[in-house]
Structures are given as C-alpha cells and as structure tokens.
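One structure below.
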Amino acid sequence: MGLYSFLFENSEVSEFYDNSALNLSSEIWVSFLQELITWNEDDIYAVSFFVDYDIEDKYDVRIYFGYNTERQFSSESAGEEDSSAVRWNYNFWLQNETFCFGEDGITEGLIGVWFRQQRIKESEAIEFLTEQIIYAVREIHRCQSLKNRFGRELPIIIHTRHYYPEIAEINIQANGEYLDKEFIEYCLRAE
C-alpha cells in the first residue's frame, strides 16, 4: 500500500485528514523549499508555479514547480522580435517541471482534501487555490529562501498557459517588489 492509498483510501486516516485543518499554503511552500535545494543552475532568473487544471473538472489541479535560466532565454530569443515574450512566456522556458504538487506520493490528494474541508464550489476552486499559492509565495519571499540559495530574490511567476492582466495582478500580490516590471507589461499586452 502506497502513502497515498494509506492516507486517502484508509477510512480512519482519511477521516482524520478531512477533519483536521489543512494549511495548504504551508504545504505548497514546504514542498517548494524541499525541491529548491535540488536546483543547481547558477543563472536562474525566474521561478514558475504553473497551475494546470482540467477544464471539465476544476477540482483536478496540479502545481508544477520549475524555472528558467538566462542561457535558455538567450538561446530562445535569437531572432525573436519580442524578447519580453521569450523572457516571460512559459512556452519558451525550459519546461523543466521539476516537481508536481498534487501528483507525487505525498501531496497527491491534498488539494482535493483542502477543497472538501473548505467546502469550495468547483466554480470557485481555481480562485481559492490561487489565494493559497499567493500566500505560499509571500512566505517564500518572507523567509528569503531564494535569496539564501541564489544571492538574490527571484520572482515566482504564478501562471497557466495563457497570460492576461489578471495574471499580472496575481503576481503583483504574490511577489510585490520582486516582480519584474517587464513581466507586468507583457501580461497587460497579452490580452
């Protein structure tokens, strides 16, 4: 029996998790910190929190942690007219989803448990989850985890496959002063 099966298919344990308040934002940032220590690139300029969900079932959500490097940006931007699109659009990034919160043996099912605990309607699921991700990003910055690892704070971009003004607003709330203005301008143009 795997950890997921033990925790979420075992009625006694599942009942405990359903009744014990789960702090999802803490689970996200702790999982990120555990992944962060494995990153060895010296030219990372931005971190990705890619939120992927099933359009038919908004309770089916995953958060992929990754990053992009100056080397990747340089190699992708050769010949491109819009360097800000290359720099900030995930489609040009490394696609190095180094950890998937919600799919590994430990975090699988946690988002669903949290949705049930909070009694969140499916139509509001992504909005409420985004708030938890914003809290997690703020805590990562407050602890200066990125600064301690890389010598400087890096923006943590919360995004889906598409960019639009609301993505800029979410990232301003999460990153504050650590968000690059070029990213904001890119999102505002991407309507």
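Values quoted throughout were computed directly from the atomic coordinates according to the rules given, and no laboratory measurement underlies them. Since we're looking at a predicted model, the values are computed, not measured. Cβ coordinates were reconstructed from backbone atoms using ideal geometry, including for glycine residues, and neighbour counts include every protein chain displayed.
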The chain: DSSP helices with Cα axial extent of at least 20 Å and average Kyte-Doolittle hydropathy no lower than -0.5: 125-142
Computed [θ] at 222 nm, deg cm²/dmol, the chain (DSSP H ≥ 4; -39,500 (n - 2.57); rounded to nearest 500): -13500 deg cm²/dmol
Chymotrypsin sites (Phe, Trp or Tyr not before Pro) within the range 133-191, DSSP loop, no more than 15 other Cβ atoms inside 10 Å: none
Separation of alpha-carbon centers, the range 54-94 and the range 149-180, rounded to whole Å: 13
From the coordinates shown, semi-axes √(5λ) of the Cα gyration tensor in Å corresponds to which of (1) 30, 18, 15; (2) 38, 22, 15; (3) 24, 20, 16: (1)
Loop-located trypsin sites (Lys or Arg not before Pro) in the range 54-121, at most 12 other Cβ atoms within 10 Å (DSSP): ARG119, LYS121
Calculated FRET efficiency for the pair THR38/ALA78, C-beta based, R₀ 25 Å, to 0.05: 0.30
Lysines whose Cα lies under 30 Å from that of LYS58, excluding same-chain neighbours fewer than 8 positions away: LYS121
Sites matching GluC sites (Glu not before Pro) across the range 16-82 that sit in DSSP coil, with at most 14 neighbouring C-beta atoms within 10 Å: GLU56, GLU80, GLU81
Average Cα contact separation per residue, the chain, under 8 Å, 6 or more apart, as relative contact order %: 24
For the chain, built as a Gaussian network whose Cα springs stay under 10 Å, the top-fluctuating residue of GLY66, GLY102, GLY151: GLY151
Enclosed volume per residue, in Å³, of the convex hull spanned by Cα atoms of the range 95-149: 121
Gain upon complete extension [THR160, ALA21; 0.36 nm per residue less C-alpha separation]: 47.3 nm
Bridge type composition, the chain - antiparallel percent by DSSP, nearest 5: 75
